[in-house]
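Here the structure comes first, spelled out in C-alpha cells, and everything after it is commentary.
Just so it is clear, none of the values below were taken in a lab; they were calculated from the coordinates. These figures come from a predicted structure and were not determined experimentally. Here Cβ is always computed from backbone atoms with ideal geometry, including for glycine, and neighbour counts include all displayed protein chains.
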Amino acid sequence: MVHSKVVIIGSGPAAHTAAIYLSRAELKPVMYEGMLAGGTAAGGQLTTTTDIENFPGFPKGIGGGELMDDMRKQSERFGTEIITETISRVDLSQRPFKLWKEWSDGENDEPAHTADAVIIATGANARRLDLPGESQYWQNGISACAVCDGAVPIFRNKPLYVIGGGDSAAEEAMFLTKYGSHVVVLVRKDKLRASKAMAKRLLANPKVTVRFNTVATQVLGEEGPRGLMTHLKLKNVVSGEEETVDANGLFYAVGHDPATALFKGQVELDSEQYIVTQPGTSYTSVPGVFAAGDVQDKRYRQAITSAGSGCIAALEAEKFLAEHEDSEETPAAATEAGQSKIEPAAAEQNGQAAKEKPTDSAAPEYRQNPLL
Ligand SMILES: Cc1cc2nc3c(=O)[nH]c(=O)nc-3n(C[C@H](O)[C@H](O)[C@H](O)COP(=O)(O)OP(=O)(O)OC[C@H]3O[C@@H](n4cnc5c(N)ncnc54)[C@H](O)[C@@H]3O)c2cc1C
C-alpha cells in the first residue's frame with residue numbers, strides 16, 4: 001500500500017490543473033487518470049471532441065485530444081505521478097483516506113493507496129439517447145453542448161434542433177438562435193419543465209419553435225466517416241404521426257450524470273448526484289476531500305471553469321495539508337525546536353540543527369504560497 005500527501009481522482013482539465021499546481025508546490029501528487037472510467041478515455045470529455053475554440057491561449061483553436069495530451073505532459077513535467085487505473089472504492093470516513101483500484105477492491109483487498117487529502121475531479125457525462133444514427137453523427141452534427149459547439153460553421157444559418165424541456169434546453173435553444181436559421185425544441189411531454197420565466201422567454205423568441213409531444217427517432221445524413229447529419233426523423237407521441245425534417249444540428253439537453261457513484265454516502269451529494277461544495281470553494285462535506293470540475297458544477301460545465309476550479313482545489317488542499325501538519329506537531333516539541341515548522345527529515349537533509357530558527361527559504365515551497 002502506498003501513501004501520498006494528496007491523490008487526485010480524474011484526468012480532465014480540473015484534475016490536470018490541480019496536478020500542475022500541487023506538483024509545482026512539491027507535494028508529489030498522484031493522479032489516478034482512469035482506465036476508460038465511465039466509458040471515457042483518460043483525459044476526460046475533451047478527448048471525445050475535435051476543435052476547442054474557447055480555451056484561452058489558442059487563437060486558432062486546438063484539438064480536444066491534443067489539449068489534454070499537453071495538460072498531461074505539463075502535469076508530468078513537474079513531477080505528478082500518473083497511474084492509468086480507475087478508482088472504484090474509497091473510504092473517506094477517516095484520515096488517511098483509503099482508495100481501492102478497479103479489480104482489486106474486494107472486502108479483503110488492501111487499499112491501493114492512502115492519502116492525507118483527496119481531490120475528486122471525475123467529471124460528468126452528458127446523457128445520450130442511443131438514437132439510430134447517433135454514434136455516426138456524434139460531433140458531426142450532434143452535440144451535447146451548444147455553448148461549446150454552436151458557433152462552428154456547420155450550424156451557421158441552418159435549421160437546428162434541441163432535445164429537452166428544462167432550463168438547460170431553453171438556454172441552449174436561445175443561445176443557438178445566434179447561429180442557426182431557426183431552432184426547434186423537441187419536448188416529449190405537453191409542457192416545458194423550464195422555470196416560468198425561462199419558458200416565457202423561449203416561447204416568445206421568434207427564432208424558436210417548441211414542438212410538444214414530439215421525439216426524435218432517427219438521425220440521417222451523409223455517408224462516410226466524416227459525413228454530416230442532414231435530416232431528423234420525428235414522431236408525435238400522441239398521434240403516432242412520423243415525418244422527416246431538414247436538420248443540420250441536434251443538441252441534447254437531457255441532463256448529465258456526474259461520476260459520483262463511488263462517493264455516495266461518503267460526501268454530500270445533491271438531488272442530482274453532484275458533489276456539494278461550499279460556494280466559491282472546493283470544500284466538500286469532508287475536511288481534506290476537495291472537488292473540482294464538472295463533478296460539482298452543473299451550471300457552467302466548461303473546460304476553463306473546470307481548470308479554474310482545479311486550481312482552487314489545489315490551493316485549498318495545500319492549505320489543508322500545511323495546517324494538518326501544524327496540528328500534528330506537539331506544542332512542546334514545536335517550542336523546543338524554536339517554533340520550527342521544518343520536518344525533522346527535511347532539516348537533516350538541509351544540514352540544519354532542529355533548533356535553528358526557521359527561515360522562509362527553509363520551508364517547503366507550498367508553505368511559502370502567499371495565498372495560504
Ligand atoms: C463533446 C463535448 C465537447 C465539448 N466541447 C467543449 C468546448 O469546446 N469548450 C469547453 O470549454 N468545454 C467543452 N466541453 C465541456 C468540457 O469537456 C468539460 O466541461 C470538461 O472536460 C470537464 O472537465 P473535468 O475536469 O471536470 O472532467 P472530465 O473532462 O469530465 O474528465 C473526468 C475524467 O476523469 C476520469 N475518471 C472518472 N472517474 C474516475 C475514477 N473513478 N477513477 C479514475 N479516473 C476517473 C475519466 O477519464 C473522466 O472522463 C465539451 C464536452 C463534450 C462532451
For region 4-53, just list the percent of Cα-Cα distances falling in each 5 Å bin from zero outward, please. 5, 21, 27, 19, 14, 9, 3, 0
Binned Cα-Cα distances of region 186-274, short to long, each 10 Å bin given as a whole percent: 13, 30, 29, 21, 6
ILE52 long-range amide H proximity, modeled H, under 5 Å: ILE62, GLY63, GLY64
How would PHE78, PHE97 line up from fewest to most surrounding beta-carbon atoms within 10 angstrom? PHE78, PHE97
For region 1-138, I need the span (max minus min coordinate) of the C-alpha atoms along each principal axis, in Å, sorted largest to smallest. 45, 38, 20
Would you calculate a helix-derived [θ] at 222 nm for the chain, using -39,500 (n - 2.57) for each DSSP H run of n ≥ 4 and dividing by the full residue count, to the nearest 500? -7000 deg cm²/dmol
Take the Cβ-Cβ distance between ARG127 and ARG77 as r, set R0 to 41 Å, and report the resulting FRET efficiency rounded to the nearest 0.05. 0.70
Can you list, by residue number, the Cys in the chain that have no neighbouring cysteine C-beta under 4.7 Å? CYS311
Put in order of increasing Cβ neighbours within 10 Å, starting from the fewest, HIS113, HIS3 give HIS3, HIS113
Here, the chain modelled as identical Cα point scatterers in vacuum has Debye log10 I(q)/I(0) at q = 0.07, 0.09 Å⁻¹ of -0.39, -0.60
Where only alpha carbons of region 134-252 are counted, the Rg and the Dmax (Å): 13.4, 43
Going by C-beta contacts inside 10 Å, put GLU316, GLU76, GLU223 in order with the fewest on the left. GLU223, GLU76, GLU316
At ILE154 and THR217, where each label point lies 7 Å from the Cα along Cα→Cβ, what is the point-to-point distance in nanometres? 2.5 nm
Considering amide H positions built from the backbone, and no H for Pro or chain starts, which residues 5 or more places from LEU220, or on another chain, come under 5 Å of its amide H? THR230, HIS231, LEU232, LYS233
Determine the percent antiparallel among the DSSP beta bridges restricted to the chain, to the nearest 5. 45 percent
Separation of alpha-carbon centers, region 88-110 and region 119-190, rounded to whole Å: 38 Å
Figure the gain on full extension for ASP69 and THR230 (residue separation times 0.36 nm, minus the Cα-Cα span) and round it to one decimal in nm. 54.7 nm
Taking θ as phi - 60°, what are the ³J(HN,Hα) couplings along region 65-81 by the Karplus curve (6.51, -1.76, 1.60), each to the nearest whole Hz, with x for Gly and Pro? x, 5, 4, 6, 4, 5, 4, 4, 4, 5, 4, 5, 4, 9, x, 6, 8
Please give the contour-minus-distance gain from LYS200 to LYS28: 0.36 nm per residue of separation, less the Cα-Cα distance, rounded to one decimal in nm. 56.7 nm
